[in-house]
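Please treat every number below as a calculation from the coordinates, not as lab data. Here the structure is a predicted model, which means the values were calculated and not measured.
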Amino acid sequence: MPRTTTPKKSRSRAPFAAVAVLVIAGVIAGCAMMSGGNGSSPIAVSPIPVSTDSVQQSLEAYRGKVVILDFWATWCGPCRMEIPDFIALQNQYRDRGLEIVGVSIDPISPRGNPGGAPAVAPFMKNNGINYTILMVNNAGALRGYDVSQGIPTTYVLDRNGRVVRTYVGVRPRSVFESDINALL
């Protein structure tokens with residue numbers, strides 16, 4: 001005798017199908033929002049920091065783009081002041097070829113500073129960071145970049161990866177915007 005589906009079983013699958021459609025739509029909408037919603041390919045921005053043993057080597061992935069490279073830590077007040085401007089700049093200029101890359105020195109910060117590596121991912125989420133955060137595994141990862149004068153230390157790199165500006169301390173958004181516009 002052929003097996004038939006009762007109307008009750010058919011109806012019980014409908015909520016699951018509806019949920020699946022909503023989940024897929026949410027994923028598609030989320031990707032569109034990350035790409036600027038203009039139909040371009042989404043840019044993969046990790047919601048968690050990416051560990052690195054070499055900042056220079058990690059930056060190879062950004063050749064062809066203008067990069068603002070910001071060395072910071074979760075416990076650094078001035079560093080935290082710049083983050084909203086970096087978020088806004090990333091939103092405004094990403095489609096034109098800008099990448100903001102933050103480099104968290106939390107894992108190698110002197111002991112006694114609150115935060116550390118476990119604080120970086122929650123900090124990113126709580127502050128809505130929309131750009132890549134690299135987290136250095138050791139002091140050698142900083143090779144080629146001097147942060148000895150303090151943080152934030154921010155480098156502006158041209159599309160060939162050359163440093164064209166270096167800033168120690170907080171700078172207003174307009175300073176970075178001027179640099180970006182000159183290089184894009």
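Converting phi to 3J(HN,Hα) with the Karplus coefficients 6.51, -1.76 and 1.60 and the offset θ = phi - 60°, segment 154-163 yields 10, 10, 10, 10, 7, 5, 8, x, 7, 6 Hz in sequence order, with x at every glycine or proline.
Taking the DSSP beta bridges in segment 50-183 as the whole, what percent of them are antiparallel, to the nearest 5?
Just about 40 percent of them are antiparallel.
The phi-based Karplus calculation (6.51 cos²θ - 1.76 cosθ + 1.60; θ = phi - 60°) puts the 3J(HN,Hα) values of segment 170-184 at 5, 10, x, 3, 4, 5, 5, 4, 4, 4, 4, 5, 6, 9, 7 Hz, whole numbers, x for Gly and Pro.
The amide H of GLY161, built 1.01 Å from its N in the peptide plane, has GLY64 as neighbours under 5 Å, considering only residues 5 or more places off or on other chains.
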